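The values are calculated or read from the model by the stated rules, or taken from the named source; none is laboratory data. What you see is a predicted model, and the numbers here were worked out from it, not measured in a lab. When we count neighbours, we look across all protein chains shown, and the Cβ atoms used for this are built from the backbone with ideal geometry, even at glycine.
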């Protein structure tokens, strides 16, 4: 573990290789699992704000879930997460003509319709953040649906922290990320990664 300010970073974030391979997985991380995407308190209002903009891109089954329980709920572990359809699919998923799954919020963001990109937990995946009050832990989450991403990451040689530069800067800022890069260089020099 490496500490930068009050954030503890797992060595796996430096060691493991990862590049999303949408052509291989077709967005499976948005449609598999037993709970929705973890949400931060500030994101709850943002979901409500973008909902009218993305509504027509959502599946009818997702629209029904949202009508019944809203855009989020508290899961069994006490975390606030996006609502899901049929026990797995995030309500904000949409599909293209190839059957690839996308985030309707990110689609609207890329089209310039909203200023909120998507929940930070989604943007950061395969990193998961654990908040312990006095510090946060940045951990690499290895999930079998991302097997193609591990292989592509190894082939290209891209570590998790480099693949996730944009969301890490979004979460912790450019100064923190620059420190993370400096730590990575030191770890390389010491033969630790």
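Scanning region 79-118 for residues that are crowded, with 19+ Cβ neighbours inside 10 Å and in a helix (DSSP H, G or I) turns up 104, 105, 106, 108. All conditions but one from (1) over 18 Å from residue 127 (Cβ atoms); (2) surrounded by 20 or more Cβ atoms within 10 Å (Cβ to Cβ) apply to residue 46; the one that does not is (2). Being modelled with pLDDT under 95 and out of contact with any helix residue (DSSP H, G or I) (no Cβ under 7 Å at 6 or more places or on another chain) holds for only one residue in 130, 148, 137, and it is 130. Here residue 94 does not qualify as outside the structural domain of residue 161 (by TED's automatic domain parsing), within 17 Å of the chain's Cα centre (by Cα), within 25 Å of residue 165 (Cβ to Cβ) and modelled with pLDDT under 95.
Does residue 118 satisfy the criteria of being within 17 Å of residue 27 (Cα to Cα), at pLDDT 95 or above and within 20 Å of the chain's Cα centre (by Cα)? Yes, satisfied. Scan region 28-37 and tell me whether some residue there is in contact with a helix residue (DSSP H, G or I) (Cβ under 8 Å, 6 or more places away or on another chain), at pLDDT 95 or above and surrounded by 17 or more Cβ atoms within 10 Å (Cβ to Cβ). Among the residues of region 28-37, not one is in contact with a helix residue (DSSP H, G or I) (Cβ under 8 Å, 6 or more places away or on another chain), at pLDDT 95 or above and surrounded by 17 or more Cβ atoms within 10 Å (Cβ to Cβ), which makes the answer no.
Counting the residues of region 1-54 that are over 13 Å from residue 145 (Cβ atoms) and either touching a strand residue (DSSP E or B) at 6+ places or on another chain (Cβ under 8 Å) or assigned to a helix (DSSP H, G or I) (or both) gives 35.
In summary, residue 164 fulfils each of the numbered conditions (1) surrounded by 15 or more Cβ atoms within 10 Å (Cβ to Cβ); (2) in the same structural domain as residue 60 (by TED's automatic domain parsing); (3) modelled with pLDDT of 95 or more with the single exception of condition (2).
Reported count of residues in region 55-78, each being surrounded by 19 or more Cβ atoms within 10 Å (Cβ to Cβ) and part of a loop (DSSP other than H, G, I, E, B), is 2.
When region 119-153 is limited to residues that are in contact (Cβ under 8 Å) with a residue 12 or more places away in the chain and in a loop (DSSP other than H, G, I, E, B), the one that is surrounded by the fewest Cβ atoms within 10 Å (Cβ to Cβ) turns out to be 134.
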